[in-house]
């Protein structure tokens, strides 16, 4: 089992550790509901150093990225980041990623921990024969701390003294000393930053952030927050079997940008299903893979679900027949044999200031 | 949290406080800690007859669903309706306001199958 450079810090803080994608990670510290509340009202801290980071450089880096990913990398410039997808030749999603443009023909790609080995093999296979592209796996030396919540930007600005952080727009980033990157991104639906640093520097940075009032939060809170924010999670909303157009991430596929891996297959893939949000009418918790019906007919399944402490309601994302993807449509979720009423609602369930 | 000495426990982590022939039932502090934040309890109707070991209901935390089993046989004579709006009482006060049901016992000898506080604490 792999450990991040903050492992000892988590243990000392009394975290409950669980296995996640081959890593020993904190699932909670004081309790998931309290940690969700901290992010929604002040500042939460997440160790996401288990995520993979790959540097792509060389004179062919831009062309390589543009061909391997679905979003339009031509919209990137130094200091900007972009959500994108890696597709296979069949149009299925290999991973969802964020691409950071560090300089002309120099990028950093952030990969899901659970997909990292597979992604790295895929990237290496694709780079064969391209002498002008250099890939480097920098995951081990790179730590990533997410600082999220309505007071996160103020906290980081005061703590680091880094100028003009509050002026950065969403998906813009600023580089500091010692390899630090302050990125106005996150996976919670609240404002905040994700801070890249050298792994060895992470414990002291984490200590400063907690001393300044940041509340450590675990994977349990992270999953609730990303669901409330309507963000997909690979292996749930996204996988190699489903088209991005049936997974709620069609906006990140730019069919007119030029050719890219998976594009030809996407032209022929059906768009019969849609990813929607569901909210339960009564107190009930829809969890993943629960059947959904309308008028007695099976119309799809939930892909993720939870109790939302913020909305005080059971919520889920679900892939359903497209004709039912209309806001307000009454549907029924089969919760372990009980038919529980719910409605199709807009995604995200929650968004604050971003 | 110290385990109250006036309780008996099942090996499936329900506690009972037995007063004459009425058993008040909840889940242990250990169990609520393992479950994490309780978001929902599904409890039986008053009047339901249960055999010891029958599924009594479900407790759902944010991370998991857990079945609740009847630690004694009898009739459900009360259900803690406060949990409908405040299921977190199971976390905050597992041996008090977080109680779940009261069972009028039909087999008083059931109590002898349960663990006392010290034995439960030593096991879990």
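Between residue B:1 and residue A:1, what is the FRET efficiency for a Förster distance of 30 Å, r being their Cβ-Cβ separation, to the nearest 0.05?
The pair residue B:1/residue A:1 has a calculated efficiency of 0.45.
How would you classify the stretch A:184-340 from its alpha-carbon gyration tensor, with a ≥ b ≥ c the square roots of the eigenvalues: rounded for a/c under 1.5, else prolate if a/b is greater than b/c, otherwise oblate?
oblate
Just to be sure I understand: with springs between alpha-carbon atoms less than 10 Å apart, which residue in A:207, A:66, A:128 has the highest mean-square fluctuation in the Gaussian network model of chain A?
A:128
Please give the calculated 222 nm ellipticity per residue for chain A, where each DSSP H segment of at least 4 residues contributes -39500 (n - 2.57) and the sum is spread over every residue; nearest 500 deg cm²/dmol?
It lands at -5500 deg cm²/dmol.
Can you give the extra length, in nm with one decimal, that the chain gains between residue A:180 and residue A:118 once fully stretched, where that is 0.36 nm per residue apart less the Cα-Cα distance?
19.6 nm
Bins of 20 Å, beginning at zero and ending with the bin holding the largest distance: percent of Cα pairs per bin for chain A, please.
Going from the shortest bin to the longest, the percentages are 30, 58, 12.
What FRET efficiency comes out for residue B:77 versus residue A:326 if R0 is 56 angstrom and r is the Cβ-Cβ distance? Round to the nearest 0.05.
The pair residue B:77/residue A:326 has a calculated efficiency of 0.75.
On full extension of the chain, what length is gained from residue A:18 through residue A:207, given 0.36 nm per residue of separation minus the C-alpha to C-alpha distance?
Length gained, residue A:18 through residue A:207: 65.9 nm.
So for the pair residue A:141, residue B:45, with labels modelled 7 Å out along Cα→Cβ, what separation do we get in nm?
So the label points at residue A:141 and residue B:45 sit 6.8 nm apart.
On a full-extension model of 0.36 nm per residue, what is the gain between residue A:132 and residue A:200, subtracting their alpha-carbon distance, rounded to one decimal in nm?
Length gained between residue A:132 and residue A:200: 21.4 nm.
Between rounded, prolate and oblate, where does the stretch A:206-295 land on the alpha carbon gyration tensor, with a ≥ b ≥ c its root eigenvalues, rounded for a/c under 1.5, else prolate if a/b exceeds b/c?
Oblate, since a/c reaches 1.5 and b/c is not below a/b.
Suppose we keep just the DSSP beta bridges with both residues in the stretch A:272-345; what percent of those would be antiparallel, to 5?
100 percent
So if we plug the beta-carbon distance of residue A:59 and residue A:298 into 1/(1 + (r/R0)^6) with R0 = 56 Å, what FRET efficiency do we get, rounded to 0.05?
Efficiency, from the Cβ-Cβ distance: 0.60.
Need one number: nm distance between label points at residue B:107 and residue A:339, each 7 Å from Cα along Cα→Cβ, rounded to one decimal.
Result: 3.6 nm between the two label points.
Most fluctuating residue of A:342, A:264, A:325 in a GNM of chain A with Cα springs under 10 Å: which is it?
Its mean-square fluctuation being the largest, the pick is A:264.
With springs connecting C-alpha atoms under 10 Å apart, model chain B as a Gaussian network and identify which of B:19, B:29, B:110 has the largest mean-square fluctuation.
Its mean-square fluctuation being the largest, the pick is B:19.
Could you tell me the center-to-center distance, by alpha carbons, between the stretch A:314-350 and the stretch B:75-124 in angstrom?
That distance is 35 Å.
With the crude spin-label approximation of a point 7 Å out along Cα→Cβ, what separation in nm comes out for residue A:67 versus residue A:80?
2.3 nm
Can you tell me how chain B classifies by the Cα gyration tensor, rounded, prolate or oblate, using a/c under 1.5 as the rounded cut?
In terms of gyration-tensor shape, oblate.
Readers should treat all values here as calculations from the given coordinates under stated rules, not as data from a laboratory. Keep in mind the model is a prediction, meaning the values are calculated, not measured. Positions of Cβ are generated from backbone atoms using ideal geometry, with glycine treated the same way; all protein chains shown enter the neighbour counts.
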